[in-house]
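Read-outs throughout are calculated quantities, based only on the coordinates presented, and are distinct from any laboratory measurement. Predicted model, so just to flag it, every value in this text is computed and none were measured. Methodologically, a virtual Cβ is constructed for each residue, glycine included, from the backbone with ideal geometry; neighbour enumeration extends over all protein chains shown.
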Amino acid sequence: MEQNQRVKVGLVGAGYVSTYHARALRSLPFVEIVGVADSSHERADALAAQFKIPRVYASLKDMADAQPKVIHILTPPATHAALALEALEMGCHVFVEKPMAESVADCDRMIQCARERGLVLSVNHSARMDPIVLQALEMIQNGACGEIRGVDFFRSSDYQAYSGGPAIPPQFRNGSYPFQDLGVHGLYLLEAFLGPIRRADTRYYASGSGDPNLVFDEWRTLVETDKGTGQMYISWNVRPIQNELIIHGTKGVMHVDCYLQIVTLRKTYPAPKAIQRILGAGFNSLHMLTKVAINTLRFATKRLLPSPGIHVSVVKFHEALHKGELPPVPAEEGRRVIALLEEISHRADDDKREYLADANPGLKPRILVTGANGFLGKALVTRLREETGEPLRLLVRRPPETPPPDDLQLVYGDLGNPAVVDRAMEGIEIAFHVGASMKGGPFEYHSGTVWGTRNVVDACERHGVRQLVYVSSIAVLDQAGHEPGVPVTESSDYEPFPQQRGLYTQTKLEAEKMVLSAAAEGRIHAVVLRPGQIYGPGAEKVPPSGTINIAGRWLVVGSGKHHVPLVYIENVVDALLLAANPDLPNGAIFQLIDPEGIRQREYVEYVRRSGRPVRASYVPPWFLKLAGFGVALLGKVLKRPVPLTPYRVRSITPLWPCDCTAAHTRLGWQPRVTIQEGMALTFPARQ
């Protein structure tokens, strides 16, 4: 066709899936992408720049002036029905991402609207259009497996972590989202091989080991059809990530690996059973090795595209529309899947709300502890219960395995979520902000530490909290630039290059400055505690400062002569309780380190005498600096962050000596447990 005869297409939604749609549309000579609409101008601008899309719009309504003839709906499931109806009423054909909608009633409205206007409505059931699935279906139709009796679908996945803030990612809003996201694929794939599903029995579970924002991260479904039964297992915990089908037939068993784009077939041979197994395994192994090599080459030369099913779905839809033929996936197929999904989705949503309902809601605590399930948080809660006798409110990420005691009110949720923190702060007079991220990537640290602290500060201001006690760390101070022998105080220099020190230092420093700024502005009344390395029973596996832990081996930088800035956990709790006094100066900082100190070698010897297996090596600083240069260079080549750089090696020497005069004189803190007593309690000598 000529340029002016190309069909105009608009994209609504500029999330990750939009890139696959745009790439597929660009491969069609009779298609022109006239615009993209998204509530985030940043996302829309990025997509437009990548694929040379001429216009960016804030909404579908604004896109009407571009006169699109086809609209792709690429937004979260809750918006599909309203946007599809709006596009149909504009006179546009609609290609909507799965799931088609959230209810059968919405599907019926969409189908009726398309029918009345003589427009095409189709759903992106991309897994059914995956080239390897199409190949498997063709082989089945040609009798490769005989009569099909059962099909298993296995899929695992992960989601980008929540980075904090009011914009909660859609996958973390409803309990049903995982099933609406991946269960859809499983249901229509099972139908593709077995025929219409008569009944589907779905169960879901909270494993307690995955992302607590997801809650239900394990799903299993058993379906019944006229041909046989099907099973589906989807998980956000199983690794490596898999996307596979196993088709069981009367003449063979087929394995479809959608990631590797490989089909293998185990058939019967005219030989004894043992020989059949050997032949089958041998032929399949040879076939697998050959196909892996071929597909690797195809992927490297871009002949095999990522998520090929989406590409094929988009192309086949537009080719059918261009030829005036029925779409490969009719809207009625999308409706059938929603009929199977709807009831279980409502149940999962209700169960998530019940699962996350506050424990002991009738209590009226005046004390809040965040991070109450952590090493320090648990010790603080124990002492508060013993010494105050008051009910406490704890903000924790997920419900415990057993109901909490009657004097503890539990609020569940992510520190990065402003609504959760605001709910936890209602009626509170004293807030101990102990929670922070200790592992993960940038999203986890930003949510748990930066957004978590911002939310705590804002909620303290909003609810008039009398005293905020914030637990920081001496890790926020400059270690590489510290002059040996110069006492470290509360006024010592901050780390000048936190981004080079790592996510923990970077986010803790930003959080501390946030608390101090709010205090200086008079928005809140707060005290900041900066403990050294907290130790005690329960932290036996933590190496001393100035050590790199690699696969269980402690690499102590230097000869082990550096002092470790330790503080026993119960001594820190003492300071926390003293810091709850609202008469303390607003914005005061108190450093907490046991004054005696021990050297790294002494720490290692305490561990060894306790009988605990410890593999400690003393590595010359020059060697690690050299390794840091090599790793940093590799990171630049790969354009990825790396765990070891020359600056991190320079920053690894522990801060010493540490001056805690302010804590002694102004806070009234004295370490009750000496370092010898604390080490003996943590690492009792083997008898």
5 angstrom amide H check on Glu495, placed H, neighbours 5+ away: Leu477, Asp478
Cα→Cβ-extended label distance, 7 Å offset, between Glu89 and Glu390, nm: 5.4 nm
Alpha-carbon centroid distance for the pair the stretch 178-217 / the stretch 344-410, whole angstrom: 30 Å
Simple label model, 7 Å out from Cα along Cβ direction - Glu596 to Ser610, nm: 1.6 nm
Rg/Rh for the stretch 282-346, where both radii come from Cα atoms and Rh is the Kirkwood radius: 1.19
³J(HN,Hα) computed for each position of the stretch 78-91 - Karplus, 6.51 cos²θ - 1.76 cosθ + 1.60, integer Hz, glycine/proline x: 4, 9, 4, 5, 4, 5, 5, 5, 4, 5, 4, 5, 7, x
Amide H contacts under 5 Å for Val488, placed H, 5+ residues apart: Cys658, Asp659
Across Lys267/Lys291; Lys98/Lys316; Lys513/Lys541; Lys52/Lys323; Lys513/Lys639, pairs whose alpha-carbon gap is larger than 21 Å: Lys513/Lys541; Lys52/Lys323; Lys513/Lys639
Whole-Hz ³J(HN,Hα) from phi, Karplus 6.51 cos²θ - 1.76 cosθ + 1.60, for the stretch 351-363, glycine and proline x: 5, 5, 4, 5, 4, 9, 5, 4, 7, 6, x, x, 5
The stretch 496-640 pair-distance distribution - Cα-Cα, 5 Å bins, rounded %: 2, 8, 12, 16, 17, 15, 12, 9, 6, 3, 0
In Hz, Karplus ³J(HN,Hα) per residue of the stretch 25-42 (6.51, -1.76, 1.60; θ = phi - 60°; x = Gly, Pro): 5, 5, 7, 9, x, 9, 10, 10, 7, 9, x, 9, 10, 7, 5, 9, 5, 4
Convex hull volume per residue for the stretch 374-515, taking Cα atoms only, in Å³: 132 Å³
Theoretical ellipticity at 222 nm over the chain - DSSP helices of four or more residues, -39500 (n - 2.57) apiece, nearest 500: -11500 deg cm²/dmol
Extension gain (nm, one decimal) between Val292 and Tyr647, 0.36 nm per residue minus Cα-Cα: 123.7 nm
Net dipole in debye of the chain [+1 Lys, Arg Cβ; -1 Asp, Glu Cβ; about Cα centre; nearest 20]: 2620 debye
Antiparallel content of DSSP bridges confined to the chain, in %, to 5: 40 percent
Simple label model, 7 Å out from Cα along Cβ direction - Ala320 to Arg117, nm: 1.9 nm
Net lengthening on full extension, Thr674/Thr382 (0.36 nm per residue, minus Cα-Cα): 103.0 nm
Relative contact order of the stretch 3-123, defined on C-alpha pairs under 8 angstrom at six or more residues apart (%): 23 percent
Gain in span if fully extended, Arg6 to His463, counting 0.36 nm per residue against the direct Cα distance: 158.7 nm
Over the stretch 388-471 - Rg/Rh using Cα atoms and the Kirkwood inverse-distance radius: 0.97
Extent along principal axes [Cα atoms of the stretch 3-123; Å; largest to smallest]: 38, 30, 24
The chain: relative contact order as a whole-number percent, Cα under 8 Å and 6+ apart: 10 percent
The stretch 611-687: relative contact order in percent, alpha carbon pairs under 8 Å with at least 6 residues between: 26 percent
Translational D in µm²/s for the chain (Stokes-Einstein at 25 °C, 0.890 mPa s, Kirkwood Rh from C-alpha pairs): 84 µm²/s
